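Inspection log for the structure reproduced underneath, given as structure tokens.
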Amino acid sequence: MTNVVVVGAQWGDEGKGRIVDWLAEKADIVVRYNGGHNAGHTLVVNGQTYKLALLPSGVVRGKLGLIGNGVALDPEALLAEIDRMAAMGIRITPELLQIAETTTLVLPVHRAVDAAQERLRAKPIGTTLRGIGPAYEDKVGRRGLRVCDLAEPELLGLKLDVLLEHHNAWFRGLGLDTFSRDQMLGDLLVMAPRILPFMRRVWEQLDNAYSSGKRTVFEGSQAVMLDVDWGSYPYVTSSTTIAAGAASGAGIAPSRLGQVLGVSKVYATRVGEGPFMSEVGGTSGDTLRQRGGEYGVNTGRPRRCGWLDTVQLRQGCKVSGINSLALTKLDVLDGFESVYVCVGYELDGKRIDYMPSTNAEQQRLQAILKRFDGWDGATRGIRSYDELPGQATALIEAIQREVGIPVSMVTTGPERDDAIVLRCPFADADDMAIRLVHASKRED
Ligand code: GDP
Ligand code: IMO
Ligand code: MG
């Protein structure tokens, strides 16, 4: 049985949540394997909007959600999200949600470190200030707390001592407020009875699911350009966001991951600082932002907007092993007389087709843009490829050609079913072999 990994192919907010929700109908389990509540995944179902940060997007369909060890989990944020979902009529019980024992905890001290680090940096990263980076730093520094520690109050206190010894020394040196061990311990012990019932051996669940022929969707957060190794470092998040992260962040063999579906808008956005070659200022940028509703789901920050960058996308597909693409938000381009796509970069007068690694070179890059005709009329809500205007299909097919990866889905509105499915991402591996498929020869 084929599994599918869903990954962001740009800088995040591509519409991964709604794609995962769509796939979840055909799956048994949805598992999160990276990031934390820096993510904001939006689902719109019959006019009702669900904004998920830590919960796997399948829970809205009642599908088992797993949180893997690779996630950075803020227990306060999780409980608040569970309460928000309850108020919307979705009860998150241990039958619906299970959390790996070894998942790293994000604590208030991490939020404080995140804020102070951003303040102190000559060039801030523009993080979500959720404490995600500092929590991963503690994990790698081997002083982090994990979900299973909540079950051992005495050891928890000792582990907090080690953690706070490290952080309080830094706070003191900077003349900042320190954290009280007793206060933090007390708060964690209050939350523990609500968190611990969700604790499971997630790796075992995934192993059993695979052996019994169940389908799993691995829901990536963030995106390839925010990957700590493959993104535009240091303007990245602190986890492995490419598909490879699903194996170590959930506890499953890479050979069992199955297909990798990359999600990309038909244009591009980025939140926070860092290079964005095809960024558009002025009216076109503002129009994309307004029509696309490009404001952060959780932070409300305006997103930077620009045209689709096929150099970035092609490179992202290669390092993440993406073998089909979901192109989202086609309807946002309705009404544009001209649409542009970045098809190459110029560096010091030479054309290149890769993203250079140094920040200095990145700053000298010029985007080479190709113009496409816009279309009259609306694609919003169209659910059949044949009903799309010719200019829109020409754009989709040009993106497919430039990137060299087949497009399997196109979305035309935020509602769950505002989607055109060209080939089901759960198709057999042979069928999904990396090859260019002309969209008009699609399968039903
Ligand atoms: P994620 O982080 O990748 O899950 O994406 P976000 O939820 O942060 O951002 C995607 C935004 O685009 C959300 O507000 C979605 O409701 C919206 N969206 C998703 N697909 C479409 C689409 O096809 N058309 C339009 N207009 N909006 C969409
Ligand atoms: P989803 O899953 C877009 C960005 C932040 C910042 C950088 C580092 O919704 O696509 P962090 O708080 O992670 O240390 O911030 O990463 N960022 C995201 N941008 N979508 C996200 O998640 C993001 N998660 C983090 O804006 O530039
Ligand atoms: Mg988002």
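Looking only at residues of the stretch 201-222 that are on the phi < 0 side of the Ramachandran plot, touching a Gly at 6+ places or on another chain (Cβ under 9 Å) and not in a helix (DSSP H, G or I), we find that the one that is farthest from ligand 1 (Cβ to nearest atom) is 201. For the stretch 226-237, the count of residues that are touching a Lys or Arg at 6+ places or on another chain (Cβ under 8 Å) and either hydrophobic (A, V, I, L, M, F, W, C) or modelled with pLDDT of 95 or more (or both) is zero. Being within 16 Å of ligand 2 (Cβ to nearest atom) and free of Cβ contacts under 8 Å to residues at least 24 places away in the same chain is the requirement here; does residue 130 meet it? Considered against the rule, which asks whether it is within 16 Å of ligand 2 (Cβ to nearest atom) and free of Cβ contacts under 8 Å to residues at least 24 places away in the same chain, residue 130 comes out as no. Yes or no: residue 77 buried (at least 23 other Cβ atoms within 10 Å of the Cβ) and either under 11 Å from the mean Cα position of the chain (by Cα) or more than 18 Å from residue 264 (Cβ to Cβ) (or both)? It is false that residue 77 is buried (at least 23 other Cβ atoms within 10 Å of the Cβ) and either under 11 Å from the mean Cα position of the chain (by Cα) or more than 18 Å from residue 264 (Cβ to Cβ) (or both). Please go through the stretch 139-159 and give me each residue that is within 25 Å of the chain's Cα centre (by Cα) and more than 18 Å from residue 78 (Cβ to Cβ), ordered by number. Selection gives 140, 141.
Restricting attention to the stretch 230-265, the residues that are away from ligand 1 (no atom under 14 Å from the Cβ) and either in a loop (DSSP other than H, G, I, E, B) or among the aliphatic types (A, V, I, L, M) (or both) add up to 22. For residue 289, the conditions (1) touching a helix residue (DSSP H, G or I) at 6+ places or on another chain (Cβ under 7 Å); (2) within 26 Å of residue 125 (Cα to Cα); (3) at pLDDT 95 or above; (4) within 16 Å of ligand 3 (Cβ to nearest atom) all hold with the exception of (1). Taking residue 95 as the residue in question, decide whether it is touching a residue at least 12 places away in the same chain (Cβ under 8 Å) and either more than 25 Å from residue 243 (Cβ to Cβ) or of a type outside the set (D, E, K, R) (or both). Considered against the rule, which asks whether it is touching a residue at least 12 places away in the same chain (Cβ under 8 Å) and either more than 25 Å from residue 243 (Cβ to Cβ) or of a type outside the set (D, E, K, R) (or both), residue 95 comes out as yes. If you go through the stretch 302-330 and keep only what is in contact (Cβ under 8 Å) with a residue 40 or more places away in the chain and either hydroxyl-bearing (Ser, Thr, Tyr) or within 16 Å of ligand 3 (Cβ to nearest atom) (or both), you end up with 303, 310, 320, 324, 326, 328, 329. Does residue 67 meet the test of being within 16 Å of ligand 3 (Cβ to nearest atom) and buried (at least 22 other Cβ atoms within 10 Å of the Cβ)? The answer is no for residue 67. Restricting attention to the stretch 80-95 and to residues that are charged (D, E, K, R) and surrounded by 14 or more Cβ atoms within 10 Å (Cβ to Cβ), the residue that is farthest from residue 47 (Cα to Cα) turns out to be 81.
Hey, among 341, 319, 311, 297, which residue is at pLDDT 95 or above and either near ligand 1 (Cβ under 10 Å from one of its atoms) or over 18 Å from residue 231 (Cα atoms) (or both)? From the options 341, 319, 311, 297, the qualifying one is 341. When the stretch 25-34 is filtered for residues that are within 13 Å of ligand 1 (Cβ to nearest atom) and either touching a helix residue (DSSP H, G or I) at 6+ places or on another chain (Cβ under 7 Å) or closer than 14 Å to residue 419 by Cα (or both), the ones remaining, listed by number, are 30, 34.
The values are calculated or read from the model by the stated rules, or taken from the named source; none is laboratory data. Not measured: the values here are computed from a predicted model. We place every Cβ from the backbone using ideal geometry, glycine too, and count neighbours over all the protein chains shown.
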